[in-house]
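The values are calculated or read from the model by the stated rules, or taken from the named source; none is laboratory data. Quick caveat: nothing in here was measured; it's all calculated off a predicted structure. Note: ideal-geometry Cβ built from the backbone for every residue, glycine included; neighbour counts use all protein chains shown. To get the accessible areas, we keep the full protein, side chains included, count just its heavy atoms, and leave off ligands, DNA and RNA. Shrake-Rupley method; radii C 1.70, N 1.55, O 1.52, S 1.80 Å.
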Amino acid sequence: MQKFSPVLFVSLLFVGLAAAIYSIQQSETSSGPETWSAFIYKNGYNSGKYEMKHDFTDYPSCKTYAQQESAKFDGVTWECGLNCRFDSMRQGFHCETMVND
């Protein structure tokens, strides 16, 4: 029985590690609907000042809005972000994906 104790301990350790990794992976995946947010950088991309509008259901509607707003400010830079939320650690919005095409 003493020969099997280390094997059993290591096996339980690996099972616990696998369960922890699986749990973390499941908590990181977004379970809500996809929402897009438009960012219009009317003072330049690196200024930190931008106009933003949330809750677009798809990229084409976000892009259309962003292009219209960009045209009002002489064609300034714009981006659309997927599933954006405020991140207090970074002091700004963080998105899963940012697109401008």
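Some points to look at:
- Taking residues in the range 68-94 that are within 18 Å of Gly48 (Cβ to Cβ), and partners anywhere that are among the acidic types (Asp, Glu), the pairs with Cβ atoms closer than 9 Å and at least 6 places apart or on different chains are Glu69/Glu51; Phe73/Glu51; Val76/Glu69; Trp78/Glu69; Gly81/Glu96; Cys84/Glu96; Phe93/Asp87; His94/Asp87.
- Some residue of the range 77-88 being aliphatic (A, V, I, L, M) and more than 15 Å from Pro33 (Cβ to Cβ): no
- Subset of the range 88-100 that is open to solvent by 60 Å² or more (accessible area, probe 1.4 Å) and of a type in the set (A, V, I, L, M, F, W, C) - its residue that is modelled with the highest pLDDT: Met98
- Strands (runs of 3 or more DSSP E) fully within the range 1-87 that include at least 1 residues being farther than 15 Å from Thr97 by Cα, at pLDDT 85 or above and open to solvent by 70 Å² or more (accessible area, probe 1.4 Å): 51-56.
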